[in-house]
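Everything on this sheet refers to the single structure shown next.
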Amino acid sequence: MTDSNKESTAPYCEPYRLCFTESTKKYIAEFVGTFALVFIGAGSVATNYVSDGALGLVGIAAAFGLIVMAMIYATGHISGTHINPAVTIPLLISKKIGAKDAAGYIVAQLAGATTAGFVLKAIFPTAVAAVNLGTTGLGADVTFGTGILIEAILTFLLVFTIYGAAVDSRASPELAGFAIGMVVLLDILVGGPLTGASMNPARTFGPALASGYWANHLVYWIGPIVGGVVAGLTYEGIFAER
């Protein structure tokens, strides 16, 4: 390959501006989006603790729903705003994203969530032992198997909404953020007291790593991934435009 060919394939950089490939931009967007999700969402749980319950379940659910909505409008045109391995994996199976990008997305999501978890640890040291920095956990009467079922159902609803509102070319893209943010909010209102309504392995992993709380951690990988994959296959198999 000649030097001129190398130059023609390299990304164009304007003076005084950082230069990244399109894939790298997507990974950075996924990192930022997942950081925001965990910082605001799990942070609202920590804030609720230090403020003696000022936010309550409705406030926490609103924090999660609104930050997801905001990130969709902020980065949807860059990476699609997966910010969730349980979204990326079904899209990989549906061939909406390549394997290399899917791996990069998941690494970026886990890194963003972990960074947010440790930032929350620095800001809310008293919330480490009390609420495990917002790490999700099972309710008193919720078994491991029931937790998986609940997380699978909640994530099914989330991913089904993503396919219908954002992935399907017939949808109205300007409404995608609102629809997806609302289903996150509603899922947490129902599932929050039962499992924490994670719907997202990265959202649970970051605070868990920072706080050292791993109780029933597999629930938040198995349930969301199974629910997300079933949702993707259901939408593609029944509703997708041929």
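The values are calculated or read from the model by the stated rules, or taken from the named source; none is laboratory data. The structure displayed is predicted, hence computed values, not measured ones. Here the Cβ is made from the backbone with ideal geometry for all residues, glycine too, and neighbour counts use every protein chain on show. Only protein heavy atoms, including side chains, enter the accessible area calculation; ligands, DNA and RNA are left aside. Shrake-Rupley method; radii C 1.70, N 1.55, O 1.52, S 1.80 Å.
For region 73-185, what D do you get in µm² per second when you plug the Kirkwood radius from alpha-carbon pairs into Stokes-Einstein at 4 °C and 1.567 mPa s? The calculation lands on 80 µm²/s. Can you give the local net charge around Leu91? Use residues other than it whose beta-carbon is closer than 11 angstrom to its beta-carbon, Lys and Arg +1, Asp and Glu -1. Around Leu91, the charge tally is 0. Over region 119-188, all Cα pairs binned in 5 Å intervals from 0 give whole-percent P(r) values of 3, 14, 16, 14, 15, 15, 13, 7, 3, 0, listed from short to long. Among the DSSP helices (H) of the chain, those spanning at least 24 angstrom by Cα along their long axis with an average Kyte-Doolittle hydropathy of 1.0 or more are 56-75, 144-162, 176-195; this is a geometric and hydropathy rule only.
In the context of the full set of protein chains, the chain has a per residue accessible area of 48 Å² (1.4 Å probe). Every helix of 4 or more DSSP H residues in the chain counts as -39500 (n - 2.57), and over all residues that averages to -22000 deg cm²/dmol at 222 nm.
Spatial offset of region 66-129 relative to region 176-220 amounts to 12 Å, using the alpha carbon center of each.
Extension gain for Ala171-Cys19 works out to 51.4 nm (0.36 nm per residue, less the C-alpha to C-alpha distance). The local environment of Leu158, defined by Cβ-Cβ distances under 11 Å, has a net charge of -2 under the rule Lys, Arg +1 and Asp, Glu -1. Rolling a 1.4 angstrom probe over the chain with all protein chains present gives an accessible area of which 68% lies on carbon and sulfur atoms. With the convex hull drawn around the C-alpha atoms of region 21-98, the volume per residue stands at 85 Å³. Each peptide in 27-33, 82-88, 99-105 was scored by the mean count of other Cβ atoms within 10 Å over its residues; highest first, the order is 82-88, 27-33, 99-105. One quarter of the convex hull surface built on the alpha carbon atoms of the chain amounts to 15.5 nm², the projected area averaged over directions.
Its residues counted as N, region 162-231 yields a C-alpha radius of gyration over 2.2 N^0.38 Å of 1.28.
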